[in-house]
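K.L.:
Dropping the structure in here first, questions after.
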Amino acid sequence: MKNKITESEIETFAVDLLESSGYQYLYGPDIAPDSDTPERSSFEDVLLLERLQTAVRHINSALPSAVIGDAIKQIQRINSPELINNNETFHRLLTEGVKVSYQKDGRERGDLVWLVDFKNPENNDFLVCNQFTIIENDINKRPDMILFINGLPLVV
């Protein structure tokens with residue numbers, strides 16, 4: 001008689017499949033704020049900020065660093081009381097680019113900062129992370145798996 005597949009086995013299979021597709025794998029507790037190799041400063045943080053900054057700078061290398069920082073701040077400030085509004089705003093920024101303006105040669109310029117390189121997927125940072133703890137309003141959440149692209153949690 002065949003044993004049932006456990007949740008842990010499914011998780012391991014999914015991680016293996018994603019790794020074979022080019023995702024890097026990290027165990028959530030290994031990058032938690034209280035670990036030896038943290039990738040976020042608080043359990044409330046869902047963005048992997050250093051990965052996001054590195055990837056967005058690489059994708060938008062022609063733009064000034066300060067402009068890229070402003071675009072990332074726009075992502076961090078999405079905070080409507082309505083979850084659907086937050087999701088729609090984030091989706092628009094992800095798919096249409098983040099609108100920015102800056103001074104160049106004494107003139108105001110407008111441009112878009114791209115969070116994901118859709119034309120050249122190899123320019124993106126793909127990460128699968130399991131057992132990633134998030135604490136929101138004193139509630140501990142630990143999804144089985146999160147897929148990050150450029151430090152953005154896009155699939156839970």
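K.L.:
In region 107-128, what count of residues is obtained for those that are over 20 Å from Val155 (Cβ atoms) and either among the acidic types (Asp, Glu) or without any contact (Cβ under 8 Å) to a residue 40 or more places away in the chain (or both)? Write out each step before concluding.
P.N.:
Of the residues in region 107-128, the ones over 20 Å from Val155 (Cβ atoms) are 107-113, 119-120.
Narrowing the set further to residues that are either among the acidic types (Asp, Glu) or without any contact (Cβ under 8 Å) to a residue 40 or more places away in the chain (or both) leaves 107-112, 119-120.
Qualifying residue count, region 107-128: 8.
K.L.:
A follow-up question, please. Checking the structure you have, find out if any residue of region 52-73 is surrounded by fewer than 17 Cβ atoms within 10 Å (Cβ to Cβ) and closer than 19 Å to Val156 by Cα.
P.N.:
Scanning region 52-73 turns up no residue that is surrounded by fewer than 17 Cβ atoms within 10 Å (Cβ to Cβ) and closer than 19 Å to Val156 by Cα.
K.L.:
Within region 58-68, identify whether any single residue is touching a Cys at 6+ places or on another chain (Cβ under 8 Å) and among the aliphatic types (A, V, I, L, M), and answer yes or no. Walk me through how you get there before you give the answer.
P.N.:
Just the residues of region 58-68 that are touching a Cys at 6+ places or on another chain (Cβ under 8 Å), to begin with: none.
No - not one qualifying residue is present in region 58-68.
K.L.:
Could I ask something else about it? Do we find that Asn79 is within 19 Å of Asn137 (Cβ to Cβ) and more than 15 Å from the chain's Cα centre (by Cα) in this structure? It would help to see each step written out before you state the result.
P.N.:
Numbers: within 19 Å of Asn137 (Cβ to Cβ): yes; more than 15 Å from the chain's Cα centre (by Cα): yes.
In short, yes.
K.L.:
Which of the residues belonging to region 15-66 are of a type in the set (Asp, Glu) and part of a loop (DSSP other than H, G, I, E, B)?
P.N.:
Filtering region 15-66 for residues of a type in the set (Asp, Glu) gives 16, 19, 30, 34, 36, 39, 44-45, 50.
Asp34, Asp36, Glu39, Glu44, Asp45 - these are the residues of region 15-66 that are of a type in the set (Asp, Glu) and part of a loop (DSSP other than H, G, I, E, B).
K.L.:
Which of (1) loosely packed, with under 13 Cβ neighbours inside 10 Å; (2) under 18 Å from Val156 (Cβ atoms); (3) modelled with pLDDT under 95 does His91 not meet, given it meets every other one?
P.N.:
(3)
K.L.:
Let me ask something else. Out of all the residues in region 49-60, which are of a type outside the set (Ser, Thr, Tyr) and within 23 Å of Lys119 (Cβ to Cβ)? Write out each step before concluding.
P.N.:
Narrowing region 49-60 to residues of a type outside the set (Ser, Thr, Tyr): 49-53, 55-60.
Selection gives Arg51, Leu52, Gln53, Ala55, Val56, Arg57, His58, Ile59, Asn60.
K.L.:
Pairs only if they're at least six apart or on different chains, beta carbon under 8 angstrom, first in region 137-153 and of a type in the set (Asp, Glu), second surrounded by 12 or more Cβ atoms within 10 Å (Cβ to Cβ) and assigned to a strand (DSSP E or B); list them, first residue then second.
P.N.:
These pairs meet every condition: Asp144/Asn130.
K.L.:
Here's a follow-up. Would you check if there is a residue in region 81-102 being under 14 Å from Asn60 (Cα atoms), in contact with a helix residue (DSSP H, G or I) (Cβ under 6 Å, 6 or more places away or on another chain) and part of a loop (DSSP other than H, G, I, E, B)?
P.N.:
no
The values are calculated or read from the model by the stated rules, or taken from the named source; none is laboratory data. Quantities reported herein were computed from a predicted structural model and do not represent experimental measurements. As a convention, Cβ positions derive from the backbone with ideal geometry for all residues, glycine included, and neighbour counts pool all protein chains shown.
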